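The structure appears below as structure tokens.
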Amino acid sequence: MIVINEHLEELEKYCIKDPTLHPFTLWDLRNEREETDFYVDWDNGIRGYMLIYRGAAIPSVILHGSKSSMENLLQYFDEEKAIIHLPWNRRDIWKRDDKIYKIYIMAATPKFYFLDGEVKEVKDSKILSYLFENPEYLVEKAKTYAIIKDGFAISSASALVYLPEVWVLGAVITKKEYRNMGLASRVIGHFMSMAYQSTKNVALWVRSDNHIAIHLYEKYGFKVKREDAWINVSVDILP
């Protein structure tokens, strides 16, 4: 039986069992309920779930569970545009001809590497304007760390989720003319050292063909945990 916005305490307990696979669900359960609908496949326990977050310009959808459960949950999906996330080996349940990217979910146990004196937590979104077109979210809802030059960030990384159970590393970027100078590695090392003080798990999502980024993440202990599908539903957004 599919229920909407019910059994949410049970859903949270279900996700806590493996927080590196469910960090955004945990975050939305605790912080974004007004912007999110949770569809739960319930049969004396959770068989699967679908989350639809509508707090951004393009809705974000997360599907998890058995193949039959996700097929049933998809019957409740009616967004004209969205980005859907589901396990790569279940991508065949999506019958439309939309662009699909392979994504790696990588996870690591944070360690204390170093605190870089030039890496600062960003409190003003204008500082990120060289790197992002719409950086407000990265200041208002995320924790963003950056190396700043002449008042603007030239390399940054964000904790898109920061919970006791898990942090999510994302929005890692360096301004083009400052690449290949080790700046991203410095920011990530600082990030992991900050995460070490708050959680035992860090996860990230990276496109499977982004070999340079994957190599950098592996230096900080990240390993591939699962392959996911990123499905662009009537949108053209590069992961």
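The values are calculated or read from the model by the stated rules, or taken from the named source; none is laboratory data. Because the structure is predicted, anything quoted here is derived from the model rather than measured. Don't worry about glycine lacking a Cβ; one is built from the backbone with ideal geometry, like all the others, and counts go over all protein chains shown.
Structure notes:
- Among (1) in contact with an Asp or Glu (Cβ under 9 Å, 6 or more places away or on another chain); (2) on the phi > 0 side of the Ramachandran plot, the one test that residue 150 misses: (1)
- Residue tally, condition touching a helix residue (DSSP H, G or I) at 6+ places or on another chain (Cβ under 9 Å) and closer than 16 Å to residue 175 by Cα, over the stretch 132-152: 11
- Scanning the stretch 29-69 for residues that are more than 20 Å from the chain's Cα centre (by Cα) and closer than 14 Å to residue 90 by Cα yields 66, 67, 68, 69.
- Among (1) touching a residue at least 40 places away in the same chain (Cβ under 8 Å); (2) closer than 29 Å to residue 112 by Cβ; (3) not in a loop (DSSP other than H, G, I, E, B) - the single one residue 231 does not satisfy: (2)
- Being surrounded by fewer than 15 Cβ atoms within 10 Å (Cβ to Cβ) and within 17 Å of the chain's Cα centre (by Cα) is a description that applies to residue 224.
- Residues being in contact with a helix residue (DSSP H, G or I) (Cβ under 9 Å, 6 or more places away or on another chain) and either at pLDDT below 95 or closer than 22 Å to residue 19 by Cβ (or both) - total across the stretch 181-206: 6
- Of all residues making up the stretch 155-196, the number that are in a loop (DSSP other than H, G, I, E, B) and more than 12 Å from the chain's Cα centre (by Cα): 8
- Qualifying residues in the stretch 35-60 (those that are touching a strand residue (DSSP E or B) at 6+ places or on another chain (Cβ under 7 Å) and touching a residue at least 40 places away in the same chain (Cβ under 8 Å)) - the one surrounded by the most Cβ atoms within 10 Å (Cβ to Cβ): 41
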